[in-house]
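Note sheet for the following structure.
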Amino acid sequence: MSDFAELHFEGEVYKLPVVEGTENEKALDISKLRGQSGLITIDPGYKNTGSTESAITFLDGEKGILRYRGYPIEQLAEKSSFLEVAFLIIYGELPNAEELKKWETEITYHTLIHEDFKVLLEGFPSNAHPMGVLSSCVTALTAFYPDSLDPVRSKDEVRISIVRLMAKLPTLASWAYKNEIGQPLLYPKNSMDYASNFLRMMFATPAEDFDPDPVVVNALNTLLILHADHEQNCSTSTVRIVGSSHASLYASVSAGINALWGPLHGGANQAVIEMLEAIKSDGGDADKYLAKAKDKDDPFRLMGFGHRVYKNFDPRARIIKKAADDVLGKLGVNDPILDIAKKLEESALSDPYFVERKLYPNVDFYSGIIYRALRIPTNMFTVMFALGRLPGWIGQWKEMRENNEPIGRPRQVYTGENERDYTDVSKR
Ligand code: CMC
């Protein structure tokens, strides 16, 4: 393989080094191009731009491959626990028994939230979206832990921030929900595992405790693993770019939560259920909505379909579809929404519009159906995605810091007015 490519421009030849990853992915290094030639590259939406070299997640969108640190998602989803996968993503290797015990104990130990947080939560109106509340609360952690905000000063500060964030996010997420529905906030019960503890904080009340069904705990564990990382994407790249200014882990992750919120990203799981509900209340005619999705004059898109990188299938969607069938079967839930989803998927997969554009169900198409079966309210779906994605954001932020990456600062091609003179307001 040649280790450089040549760019011919205005009589000059510029050599661009070729960078190769461990899965033989090749990239042109253009970092010195502007200095040599005055040229920059332009790529709206970064569709063809690698912003970093990363050793965390490999995905091949054509072949439908997703691996965390080399381990196939199918194996992790079947055999692993979310905290084990989180350790793998953040620290690079699966933990041994002793490391896993220490990690679980540390996270259990830090689940409590400072009592003053209650005042903060009470300040939000009850109809506040829990994603907004969650990102605000994560930013607010900076106020409660000023001793561990510096990402450069010491590794211990970073380590304790990681543990605190992993431990406290489920508590904060459940508190955002309790605040919304006007129920008393529940404290974590540290004898429980990560997923069970979260479910209990969501559904128990001081009047009645809640012991989650193992089927539900297992399903949640799988969903969290499937969402744990997805290499560079809108929220993860946001976390890296905010962190590149040496902002704290909490500030960076809070920005990631906001980026995830949009319906084209993590907000899609909520949008899918809202779309399926709308189809149901409109008589259940899936084909009518397929036609709307294909109509270029109609802004409607089939939510849960299409992906920037997966162009044959999303391996997470395969696992989730099976999990949805299992969970609904075991819990005895008969959800008419599932039938509409299956009909929509079947019709879209044989429709030339979707086939030609390689639009397949993505991870969010079926995740909302499982969340509904687990009694998670619709506006908490994206919060569930955030809980799952947290190890990915942390691992990517840590990698960026350890590689001492420069501050993120893209360029632009200016298309505005050329220089002109100011005119007095009376003459405009
Ligand atoms: N329904 C109808 N048409 C679609 C859809 C859709 N869901 N997705 C893409 N298209 C069409 C689009 O109109 C365009 O058509 P044309 O070539 O005729 O102009 C073509 O397919 C390519 O679309 P694009 O917007 O250029 O593709 P993208 O890679 O920029 O966007 C996407 C990817 C996920 C934003 C998009 O497919 C979409 O909006 N999907 C619905 C939202 C969704 O489910 N998002 C969750 C993504 S998975 C969770 C995560 O990782 O964030």
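Readers should treat all values here as calculations from the given coordinates under stated rules, not as data from a laboratory. For clarity, every value in this text was computed on a predicted model and none was experimentally measured. Ideal geometry is used to build each Cβ from the backbone, glycine not excepted, and the neighbour counts take in all protein chains shown.
Some points to look at:
- Take each peptide in 281-291, 323-333, 6-16, count the other Cβ atoms within 10 Å of every residue, and average; sorted highest first, the result is 323-333, 281-291, 6-16.
- Per-peptide average of other Cβ atoms within 10 Å, ordering 56-67, 34-45 highest first: 56-67, 34-45
- Cα-based reach from Lys343 at 27 Å (exclusive), listing lysines while leaving out same-chain residues under 8 positions away: Lys63, Lys280, Lys288, Lys292, Lys294, Lys296, Lys311, Lys321, Lys322, Lys330, Lys358
- Ranking of Tyr91, Tyr68, Tyr250 by count of other Cβ atoms within 10 Å, fewest first: Tyr91, Tyr250, Tyr68
- Separation in nanometres of the label points that stand 7 Å from Cα toward Cβ, at Glu356 and Tyr422: 5.4 nm
- Most to least packed among 118-125, 375-382, 185-192, 393-400 [average Cβ atoms within 10 Å]: 393-400, 375-382, 185-192, 118-125
- With 0.36 nm allotted per residue and the present C-alpha distance subtracted, the Glu20-Ala207 stretch has 61.4 nm of extension available.
- Ignoring lysines fewer than eight residues from Lys101 along the same chain, the ones with Cα atoms less than 19 angstrom from its Cα are Lys79, Lys168, Lys189.
- Added length on full extension, which subtracts the Cα-Cα distance from 0.36 nm per residue, Glu277 to Asn403: 40.8 nm
- Zone residues, segment 393-428, relative to His246, backbone N less than 17 Å from point 7 Å out along Cα-to-Cβ: 398, 400-409
- Ranking of Leu338, Leu88 by count of other Cβ atoms within 10 Å, fewest first: Leu338, Leu88
- Close amide H pairs (under 5 Å, H built 1.01 Å from N) link Tyr360 with Gly306, His307, residues at least 5 positions away or on another chain.
- Take the Cβ atoms of Val309 and Ile40, set R0 to 22 Å, and the FRET efficiency comes out at 0.35.
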